[in-house]
Amino acid sequence: MRIKVRLIGTVCIALLEVCAAAAAGAQKLAATPPMGWNSWNFFNGRVTDKDIRDTADLLVSTGMRDAGYVYVNIDDTWEGERDAQGRIQSNSKFPDMKALADYVHSKGLKLGIYSSPGPTTCARFAGSLGHEEQDAKTYADWGIDFLKYDLCSYIPIMRQEAPNDEAAQTKLMREAYEKMHQALLKTHRPIVYSLCEYGWDSVWRWDPTVGANLWRTTGDIQPNFDRIMLIGRAQAGLAKYAAPGQWNDPDMLEVGNGKLTHGENEAHMTLWAMLAAPLIAGNNLPQMTPDTTAILMNKDVIAIDQDTLGRQGDRVYAEGPVEIWTKPLAGGRKAVAIFNFGETESEVSLHLKDLGLSGQVKARDVWAAKDLGEIGDGWKTTVPNRAVVLLVVQ
Ligand code: GLA
C-alpha cells in the first residue's frame, strides 16, 4: 500500500507502519491553530515590502511573536508578471521576495503568501492556474511557510466547464485544491495550506482530504461587530470537523480595526479562541493601542485557543441576545464564554448542567484575571452590552 504523510521537510511514501512511526516523531504542521498576522484586513491592496518588514519588527518588539503570532502573511497584490519561463515574479511593491523571507526568518518568524487556483486573484493579479507546480516550487525557493489559496477567478471556470451542474463544479474545485496540495508536497517544504473558498460545498467535510490545514468557513469579515458576530455565531455545529492539523477558519481577526469598542474586541477575541480558530491578526501594528495589544496578547485567552486537546468549542445555550459557549480544555478544564450580543447589559445565571457540570466548580474570570473561588449552580454575573464574560472552570 502506498500512502503519503505530510511531514516537516519530507514526503513519506512507504508502508503504513513505517510512515506512522515517522509521523509520530515529526512535529505536526499546524498542530494548534496557526497564529500570526495578515496584510489584508488593514492594508488591502496597499501592502508593501516595508509594511511587512515593519510588521515583523513590531511582532518581535511588542512581544506578539513570543505570544505565538509567528506567521507574517502577505495577502493579495504582491504578484507581478510571469517571466519567459512562466515563473511568477513579485511586483514593484515587493522588489525581492527571497530577501524579504530571509529578513522575516531572521526575526524568528515565518512568511506566508497568497494565490488562487484561477487565472487571477480576487484583486485581479496573476493566479496559479496552469502553473501550480512551478509556483509551489518558487514559493519553496523563496522560503515561504504558508499559502492562502483563494478560489476567486476559478469560479467562472467551474461554471463554464460544468454549466448548471453544481456537483461537477464542486468536483472541479476539489481537484484544483488537490492539485496545489500535490504541488506543495513535491517541494518537500512544510508549507501550511490555507483554503479560502468561503465555506462552499460544506468545505469542512472534505478539506482535510486535500491536505488543508485550515479552511475558511465563511465570506469575508469586516471590522464591525455585527458582521464579526454573524460569522462567529454561524460556526455553531462545526466543532467536530476541527482537529490538530486541520482547523475551521472563520476569517482573520479584526481586533484593533475599525471602531470596535473594548468589549467588542474582547468578545471577538474570545469567540475566536473558543472556536480554536486560527488567530491571524489583521491590524496596523505601528498604530496599535495598549488596549489592542493587551487583548491580542492575553496569554490566558491565547492558551484557550491553543489548548493541546485541539477541540473546538460550541454553543450550549442561547436565549435572546445571550449565548453561552463552552470549549473542553486539557486537564479536565473547560472554558465558558457568556456573550451578550444585545444593546443593554444582561444578568445571566449559569446552569451548570447546561455546561455538562455539577456540584461546585473552581472558576477563574479570564479577562478580569481574577480567581472567583468555587461557584455553584445559579451563579450570577452581569454581562455588559456587546461584550463577554469568560471563565475557565474545573
Ligand atoms: C478574498 C478573500 C480575502 C482577501 C481578498 C484578497 O475576498 O476572502 O480574505 O484575501 O480576497 O483579494
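The values are calculated or read from the model by the stated rules, or taken from the named source; none is laboratory data. Computed from a prediction, not measured in an experiment: that's the story for all the values here. Here Cβ is always computed from backbone atoms with ideal geometry, including for glycine, and neighbour counts include all displayed protein chains. Heavy atoms of the whole protein, side chains included, go into the accessibility calculation; ligands, DNA and RNA do not. Shrake-Rupley method; radii C 1.70, N 1.55, O 1.52, S 1.80 Å.
What pairs can you find where one residue is in the stretch 74-85 and under 7 Å from Tyr114 (Cβ atoms) and among the aliphatic types (A, V, I, L, M), the other is more than 10 Å from the ligand (Cβ to nearest atom) and open to solvent by less than 10 Å² (accessible area, probe 1.4 Å), and their Cβ atoms are less than 8 Å apart, with a gap of 6+ or different chains?
From residues that are under 7 Å from Tyr114 (Cβ atoms) and among the aliphatic types (A, V, I, L, M), the pairs are Ile74/Val47; Ile74/Ile52; Ile74/Phe94; Ile74/Leu111; Ile74/Gly112; Ile74/Ile113.
Across the stretch 321-347, which residue is surrounded by the most Cβ atoms within 10 Å (Cβ to Cβ) among those that are over 23 Å from Ile231 (Cβ atoms) and more than 24 Å from the chain's Cα centre (by Cα)?
My answer is Glu345.
What tally of residues in the stretch 45-62 results from selecting those that are in contact (Cβ under 8 Å) with a residue 60 or more places away in the chain and open to solvent by 20 Å² or more (accessible area, probe 1.4 Å)?
Counting residues in the stretch 45-62 that are in contact (Cβ under 8 Å) with a residue 60 or more places away in the chain and open to solvent by 20 Å² or more (accessible area, probe 1.4 Å) gives 4.
Part of a loop (DSSP other than H, G, I, E, B), touching a residue at least 40 places away in the same chain (Cβ under 8 Å) and within 16 Å of the ligand (Cβ to nearest atom), is that true of Ile221?
Answer is yes for this residue.
Please find, among Ala183, Ala176, the residue that is open to solvent by less than 30 Å² (accessible area, probe 1.4 Å), farther than 30 Å from Ala234 by Cα and in a helix (DSSP H, G or I).
So the residue among Ala183, Ala176 that is open to solvent by less than 30 Å² (accessible area, probe 1.4 Å), farther than 30 Å from Ala234 by Cα and in a helix (DSSP H, G or I) is Ala183.
Only one of these conditions is not met by Ala318: (1) open to solvent by 10 Å² or more (accessible area, probe 1.4 Å); (2) within 28 Å of Leu260 (Cβ to Cβ); (3) in contact (Cβ under 8 Å) with a residue 24 or more places away in the chain. Which number is it?
(3)
Between residues in the stretch 187-198 that are under 20 Å from Cys122 (Cβ atoms) and within 16 Å of the ligand (Cβ to nearest atom) and residues that are open to solvent by less than 10 Å² (accessible area, probe 1.4 Å) and modelled with pLDDT under 95, which pairs lie under 7 Å by C-beta distance while being six or more apart or on different chains?
Leu195/Val203; Leu195/Asp207; Glu197/Val203
Going by the structure shown, is Arg124 open to solvent by 20 Å² or more (accessible area, probe 1.4 Å), within 12 Å of the ligand (Cβ to nearest atom) and among the basic types (Lys, Arg)?
Yes; evaluated as a whole, the condition is true for this residue.
To keep it simple, each residue is scored yes or no on (1) in contact (Cβ under 8 Å) with a residue 40 or more places away in the chain; (2) hydrophobic (A, V, I, L, M, F, W, C); (3) away from the ligand (no atom under 16 Å from the Cβ); (4) in contact with a Ser or Thr (Cβ under 7 Å, 6 or more places away or on another chain).
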site	(1), (2), (3), (4)
Ile231	no, yes, no, yes
Leu238	yes, yes, yes, yes
Asn248	yes, no, no, yes
Asp251	no, no, no, yes
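Which of the strands (runs of 3 or more DSSP E) contained wholly in the stretch 270-360 include at least 2 residues that are out of contact with any Leu (no Cβ under 8 Å at 6 or more places or on another chain) and over 30 Å from Lys28 (Cβ atoms)?
Answer list for the stretch 270-360: 314-319, 322-328, 346-349.
Is there a residue being of a type outside the set (Ser, Thr, Tyr), more than 30 Å from Leu329 (Cβ to Cβ), open to solvent by less than 40 Å² (accessible area, probe 1.4 Å) and at pLDDT 95 or above anywhere in the stretch 29-38?
No, the stretch 29-38 contains no residue that is of a type outside the set (Ser, Thr, Tyr), more than 30 Å from Leu329 (Cβ to Cβ), open to solvent by less than 40 Å² (accessible area, probe 1.4 Å) and at pLDDT 95 or above.
Which residues, counting only those in the stretch 335-394, are at pLDDT below 95 and of a type in the set (Ser, Thr, Tyr)?
The answer is Ser358, and nothing else.
Could you list, in sequence order, all residues of the stretch 31-41 that are farther than 17 Å from Phe125 by Cα and either within 12 Å of the ligand (Cβ to nearest atom) or part of a strand (DSSP E or B) (or both)?
Within the stretch 31-41, Met35, Gly36, Trp37, Asn38, Asn41 qualify.
Considering only the stretch 81-121, state which residues are open to solvent by less than 10 Å² (accessible area, probe 1.4 Å) and within 14 Å of the ligand (Cβ to nearest atom).
Those that are open to solvent by less than 10 Å² (accessible area, probe 1.4 Å) and within 14 Å of the ligand (Cβ to nearest atom): Gly112, Ile113, Tyr114, Ser115, Ser116, Pro117, Gly118, Thr121.
Kindly list, by first and then second residue, each pair from a residue in the stretch 132-153 that is within 13 Å of the ligand (Cβ to nearest atom) and at pLDDT 95 or above to a residue that is part of a helix (DSSP H, G or I) and not hydroxyl-bearing (Ser, Thr, Tyr), limited to pairs with Cβ atoms under 7 Å and residues at least 6 apart or on different chains.
Leu147/Leu184; Tyr149/Met180; Leu151/Met173
Give me a count of the residues in the stretch 201-218 that are within 16 Å of the ligand (Cβ to nearest atom), farther than 17 Å from Asp75 by Cβ and modelled with pLDDT of 95 or more.
Result for the stretch 201-218: 2.
Of the residues in the stretch 350-381, how many are open to solvent by 40 Å² or more (accessible area, probe 1.4 Å), of a type in the set (Gly, Ala, Ser) and over 23 Å from Ile302 (Cβ atoms)?
3
Residues of the stretch 235-269 being closer than 27 Å to Tyr193 by Cα and either assigned to a helix (DSSP H, G or I) or of a type in the set (Phe, Trp, Tyr) (or both), which ones?
Passing the criteria: Ala239, Lys240, Tyr241, Trp247, His268, Met269.
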